[in-house]
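Have a look at the structure below before the remarks.
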Ligand SMILES: NC(=O)c1ccc[n+]([C@@H]2O[C@H](COP(=O)([O-])OP(=O)(O)OC[C@H]3O[C@@H](n4cnc5c(N)ncnc54)[C@H](O)[C@@H]3O)[C@@H](O)[C@H]2O)c1
């Protein structure tokens, strides 16, 4: 007899448990942002194990990051996200990012679940973008540009369309045109009502877009602030993708987790803080502060807003905890005896 069991959930089991339900993931992400503001979390920060010395090396040689945490509220779960990034994996037909989630009982601290978190990660990043769009995009945003047609792009779009169903035109820019074209073809099939335009002319696409959502591996900015039109929301979801002018032109600088952004030090707004060009007090809000009503969302359709998300393991832990509890209730997954 095992005294301690672990539930193992592979990618199929996670799908059966609703990990691909974007509306549910948006609800989870909103709750995590709000719970974060109450302080009922433990988030010691991301531990980055990178190959090479520079961000450029990291983007070719890869990394494995550990993101431990505890999320309170209705989730009441501890755990860790262990995420590998192998930028050369495509040569072997494997995805760049692979995620293993371990959940731990917050009382005994024992592991209770091991789950594939690869979809959790793309869903929660999409959901974070979706929450930002709900709160910060122009009310009638109709044109969006997605930069980086990789694993994150489909969930960024799915969440964006929930946040602004008014989006009718989508530009897709990628440093590899074939990636943009492949994503465009899949998107046209999934959303036939959407006009989808793969493009290499990032300037023209930016100038025409209400929402510019960057999910690339760029370590040099490719979006210029001078191109942003009135009312634009520029979303810096990864590294150094947009120039300082995008931040300077913004009437609001919004983030998911400001301390994590400064700790990770890879994004535009982090570099500006490091260079003394912005102060802590220049950050208008974390999304949780807008959701709990202490800070304002977008106030008019003219302001330019900059958003940067770095993510946090507690987002993945919350979604995985929901799937784990459903698995227990429904008898899904494989129960492994841990200590016999
Ligand atoms: N903010 C968060 O919470 C969060 C969460 C997950 C991933 N990310 C980041 O999002 C980024 C994308 O992740 P992914 O899983 O989609 O990666 P991916 O490797 O699947 O796709 C990246 C895409 O970006 C393109 N690209 C690379 N450099 C580019 C450039 N300079 N200009 C335009 N396109 C470029 C690639 O050709 C590729 O199609 C990564 O940097 C990742 O670290 C952020």
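Since every read-out is calculated from the coordinates, none of them should be taken as a lab result. Please read these numbers as outputs of a predicted model, since none were measured by experiment. Here Cβ is always computed from backbone atoms with ideal geometry, including for glycine, and neighbour counts include all displayed protein chains.
Under a 10 Å cutoff between Cα atoms, tell me which one of 252, 190, 169 has the largest fluctuation in the Gaussian network model of the chain.
190
Length gain on complete extension for the stretch residue 301 to residue 27, per 0.36 nm per residue less the alpha carbon to alpha carbon distance?
Additional length available on full extension: 96.1 nm.
Between 303, 16, 189, find the one with the highest GNM mean-square fluctuation for the chain; connect C-alpha pairs within less than 10 Å.
Looking only at 303, 16, 189, the largest GNM fluctuation is found for 189.
Considering only the chain, what is the antiparallel percent among its DSSP beta bridges, to the nearest 5?
Beta bridges within the chain, antiparallel portion: roughly 50 percent.
Quick one: P(r) of the stretch 1-74 from all Cα-Cα pairs, 10 Å bins, percents rounded to integers, in order of increasing distance.
15, 23, 37, 23, 2, 0
Per 5 Å bin, what percent of the C-alpha pairs of the stretch 1-160 does each bin hold, from zero upward?
All Cα pairs, binned at 5 Å, distribute as 2, 8, 13, 18, 20, 17, 12, 7, 2, 1, 0, 0 percent.
Could you tell me the distance between the Cα centroids of the stretch 301-315 and the stretch 116-136, to the nearest Å?
Distance between centres, Cα-based: 11 Å.
Once the cut-off is 15 Å, how many percent of the Cα-Cα pairs in the stretch 179-267 end up in the long-distance tail?
The answer is 65 percent, as a whole percent.
Compute the orientation-averaged projected area for the chain from the convex hull of its Cα atoms and round it to one decimal in nm².
Here the figure is 17.1 nm², rounded to one decimal.
Using 1/(1 + (r/R0)^6) with R0 = 35 angstrom and r between the beta carbons of residue 88 and residue 20, what's the FRET efficiency to the nearest 0.05? Show your work: numbers first, answer last.
On the way: r = 27 Å, r/R0 = 0.78.
Working from the Cβ atoms, E equals 0.80.
Once Rh for the stretch 239-310 is found with the Kirkwood sum over Cα pairs, what is the Stokes-Einstein diffusion coefficient at 37 °C and 0.692 mPa s, in µm²/s?
266 µm²/s
For labels at residue 4 and residue 56 in the simple 7 Å Cα→Cβ model, what's the distance in nm?
4.6 nm
Only helical DSSP H runs with n ≥ 4 go in: add -39500 (n - 2.57) per run for the chain, normalise by residue count and round the 222 nm mean residue ellipticity to 500 deg cm²/dmol.
Working: 12 runs with 123 residues, N = 340.
Counting only the DSSP helices, I get -10500 deg cm²/dmol.
Can you give me the angle between helix 22-38 and the longest principal axis of the chain, using Cα atoms only, in degrees from 0 to 90, rounded to the nearest 10?
Compared with the principal axis, the helix lies near 90 degrees.
Compute the helix-to-body angle for 153-163: its Cα long axis versus the longest principal axis of the chain, expressed 0 to 90° and rounded to tens.
Roughly 80 degrees, rounded to the nearest 10.
With just the Cα atoms defining each centre, how far is the stretch 39-71 from the stretch 200-242? Give it in Å.
Each part's Cα centre sits 24 Å from the other's.
What translational diffusion coefficient, to the nearest whole µm²/s, does the stretch 136-308 have by Stokes-Einstein, given a Kirkwood radius computed over alpha-carbon pairs, a temperature of 10 °C and 1.306 mPa s viscosity?
Details: Rh = 16.1 Å.
This corresponds to a translational diffusion coefficient of 99 µm²/s.
What angle, in degrees between 0 and 90 and rounded to the nearest 10, separates the Cα long axis of helix 177-190 from the longest principal axis of the Cα atoms of the chain?
It works out to around 70 degrees.
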